[in-house]
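Read through the structure below, which is laid out as structure tokens, and then see the notes.
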Amino acid sequence: MSITRRDVFSTAAWGGGALALSGLVRYYVQNEWTKLNVGLAITGGVLLLAAAVGNFGEIVQFFRSRGGRMGTNTSALALGFVAILGLLNFLGFRHAKQWDWTPEKLYTLSDETKKVVGGLKQDVRVIRFDKPSGNDPFGDSVAKYHKLSDHVTYQLVDPQERPDIARQYEVRHMGDVVVASGPRVEHLKDTDDAALEQTLTSAILKVTRAKPKTVCFVTGHGERSLDGGDAEGYSSVQKALEQDNYAVKPVNLVEAKGVPAECDVVVVAGPKTAYFPDEVESLKKYLDAGGKVLAMVDPDTDPKLEDLFSAWNIALGRDLALDLSGAGRLFGLGASVPVVTHYGPSPITEGLEGQMSLFPLAQTVGAAKKDGQPAVTNLLLTSASSFAKKNWDARQMELRFDENKDQRGPLTLGVAAQRSEDKNTARLVVIGNSFFPANNFFGVQRDGDLFLNTINWLAQDENLISIRPKPRTNRRLTFTMAQQVMFYWFSLAVVPGIVLVTGAVLWWKRR
């Protein structure tokens, strides 16, 4: 059998193509140009070039034929189509756009994160210690932060290849994440998808703020407990404040002989007994010196703070706010839990208009005199279907408006006031309820946001005032045993049976 020149170059073409393809596939798998991969690719390319030169005449003759011209046109169209797809893919990559259709906006960074990251003036490094892999969802999440600010960078480090970096940040486990800015380092404790944004934003706050501000909670008169994990406790409040990089501590005004100098904000959270005159005087002096106080007073108590409030043109209603709009039924609650959807003009309530916050057993709060000083801003407004009842008794109370005795809504459940003297700005917020940020209500609608926004405003951290990300809604279906059995047989027998019967009927008709 004789071997022609055409057979040699044809074999070279097929062999060169196979070698070149092998080199490219090996590079794609190994992600590295090894000597073998380079050798295969070069050898294949040389053989393909030799085949093209040796068969040049046949190639020219093919393209001059009718079939060659049609093939060329088809190839040109295919290449043009591929080029257009490549261009669209390139533009999509360079100008990526995402839409978040989830009700809770789970894949959209919250306003709080946007304010914190957008206002960064120093570099922040986010480092994850793990083996490199093709899929890095954590890195994709940090990329959203980088889009907000170039100060945020991300690095994936293999601790086995770079043990020096692992020792520098005291990393001991695969998957550990640290956030660093200058000499300050924060280890992320929770990188679960549901809590990642809050954890990461909190860590950025901690490494970029020079000194955490202190929020002092007054104790000694039956106030809400920061350690309380029950429905009425404030453990959720303490955790959320610490996530926002605040130091939280209880303070007894009698033992401390006044408000400690380290307190940036003082919180009076639902006292059940009266304050001593010296304690009230301590709070007055603290405010006169530019202090910031949040007072939450329930309607069934009298902490004897009238002198403090009157000096700020604020008066408690000494009543009970009732809401007959029926909005509370959405949460299984009654008329004694007013639902607020309207808010006054204040940085505290920015972005909350139209959203709900709940106030179980609240009293009204307002300006003592309309033209008095300082000016008072109404923060929380109930619906027109609400009213305030004086001299109320929970055991014998009628949920009916009395034109002669009751005050018709809308009602004000919280106010804010501010005074500036000698470059010192004092701020006071009074709310007629202390239950709304308790554990049972902190995560309900916007109760937690409202409390944290109030602390942010009092601490003069307006850049933190925002709507925090909401937790994921549980949409799992729970079936009874009977429903499970019915669903099992419906999917196993009924649906396939309908398909079989329909097919049999159609076959019979067309037979």
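Ranked by accessible surface with a 1.4 Å probe, highest first, in what order do Arg172, Arg427 come?
Of Arg172, Arg427, the descending order of accessible area is Arg172, Arg427.
Which whole-number value in Å² is the accessible area per residue of the range 230-379, probe 1.4 Å?
Solvent-accessible surface per residue comes out at 43 Å².
Pulled fully out, how much extra length does the chain show between Ser22 and Lys405, if you take 0.36 nm times their separation in residues and subtract their Cα-Cα distance?
That pair, Ser22 and Lys405, stretches by 128.8 nm at full extension.
Please give the charge dipole size of the range 163-264, origin at the Cα centre, charges +1 on K and R Cβ atoms and -1 on D and E Cβ atoms. Round to the nearest 20 debye.
Dipole magnitude for the range 163-264 comes out near 460 debye.
For a quick protection proxy, order the peptides 77-84, 445-452 by their average other-Cβ count within 10 Å, most packed first.
So the order, starting with the most tightly packed, is 445-452, 77-84.
Can you quote the Å³ per residue value for the convex hull of the Cα atoms in the range 313-461, rounded to an integer?
It comes to 115 Å³ per residue, whole-number rounded.
Put +1 on the Cβ of each Lys and Arg and -1 on the Cβ of each Asp and Glu in the chain; which of Ile165, Val280, Ser346 then has its Cα farthest toward the positive end of the dipole?
The listed residue farthest towards the positive side: Ile165.
Rolling a 1.4 angstrom probe over the protein chains, ignoring ligands and nucleic acids, what is the accessible area of Ser22 in square angstrom, nearest 10?
Approximately 50 Å² of Ser22 is accessible to the 1.4 Å probe.
What FRET efficiency, computed as 1/(1 + (r/R0)^6) with R0 = 30 Å and r the Cβ-Cβ distance, is obtained for Lys257 and Thr301, rounded to the nearest 0.05?
0.75
Order these peptides, 434-440, 406-412, by their mean beta-carbon neighbour count within 10 angstrom, highest first.
Going from most to least packed, we get 434-440, 406-412.
Could you rank Phe401, Phe90 by how accessible they are, 1.4 Å probe, largest area first?
Phe90, Phe401
Strictly greater than 23 Å: what percent of every Cα pair in the range 257-363 meets that?
Roughly 42 percent, rounded to a whole number.
Set the Förster radius R0 to 60 Å, insert the Cβ-Cβ distance between Lys131 and Ser75 as r into 1/(1 + (r/R0)^6), and round the FRET efficiency to 0.05.
E(calc), rounded to 0.05, equals 0.90.
Once the convex hull of the alpha carbons of the range 308-376 is built, what does its volume come to per residue, in cubic angstrom?
Spread over its residues, the Cα hull of the range 308-376 gives 107 Å³ apiece.
Where does helix 277-288 land angle-wise versus the long Cα axis of the chain, in degrees 0 to 90, nearest 10?
Orientation of helix 277-288: about 50 degrees from the principal axis.
Tell me the mean residue ellipticity at 222 nm calculated for the chain from its helices only (DSSP H runs of n ≥ 4, each -39500 (n - 2.57), averaged over every residue, nearest 500).
After summing the helix terms and dividing by the residues of the chain, the value is -12000 deg cm²/dmol.
Please report the Cα spread of the chain along all three principal axes, rounded to whole Å, starting with the longest.
118, 75, 43
Excluding residues on the same chain fewer than 8 positions from Lys272, give the lysines whose Cα lies under 18 Å from its Cα.
Lys304
In whole Å, largest first, what are the principal axis extents of the Cα atoms in the range 271-321?
Rounded to whole Å, the extents work out to 33, 21, 15 Å.
Which whole-percent values make up P(r) of the range 137-233 when all C-alpha to C-alpha distances are grouped in 5 Å steps starting at zero?
Bin by bin from 0 Å, the calculated values are 2, 10, 17, 18, 17, 12, 8, 8, 5, 3, 1, 0.
Just subtract the alpha-carbon distance of Ala311 and Tyr488 from 0.36 nm times their residue separation and send over the number in nm, one decimal.
In short, 56.7 nm is gained.
Could you check the spin-label model distance between Ala504 and Phe90? Points 7 Å from the Cα along Cα→Cβ, value in nm.
The modelled label-to-label distance comes out at 6.0 nm.
For the chain, which whole-number percentage of the solvent-accessible area (1.4 Å probe, protein heavy atoms only) is attributable to carbon and sulfur atoms?
Answer for the chain is 57 percent, counting heavy atoms of protein chains only.
Mind checking which aspartates and glutamates have their C-alpha under 16 Å from Lys189, skipping anything on the same chain fewer than 8 residues away?
The reachable aspartates and glutamates, counting only those whose Cα sits under 16 Å from Lys189, are Asp130, Glu170, Asp176, Glu197, Glu242, Asp244.
Once you put a point 7 Å from the Cα of Ala231 and another 7 Å from the Cα of His173, both along the Cβ direction, what distance in nm separates them?
3.5
Take the alpha-carbon centre of the range 251-293, take the same for the range 164-230, and report the distance between them in whole Å.
If you average the Cα positions of each part, the centres end up 28 Å apart.
Gln373 to Trp33: FRET efficiency via 1/(1 + (r/R0)^6), r the Cβ-Cβ distance, R0 60 Å, to the nearest 0.05?
After rounding to 0.05, the efficiency reads 0.20.
The values are calculated or read from the model by the stated rules, or taken from the named source; none is laboratory data. Values in this document were obtained by computation on a predicted structure and should not be read as measured data. Note that we place each Cβ from the backbone using ideal geometry, even for glycine, and neighbour counts take in every protein chain shown. All accessible areas refer to the heavy atoms of the entire protein, side chains included, with ligands and DNA or RNA removed. Shrake-Rupley method; radii C 1.70, N 1.55, O 1.52, S 1.80 Å.
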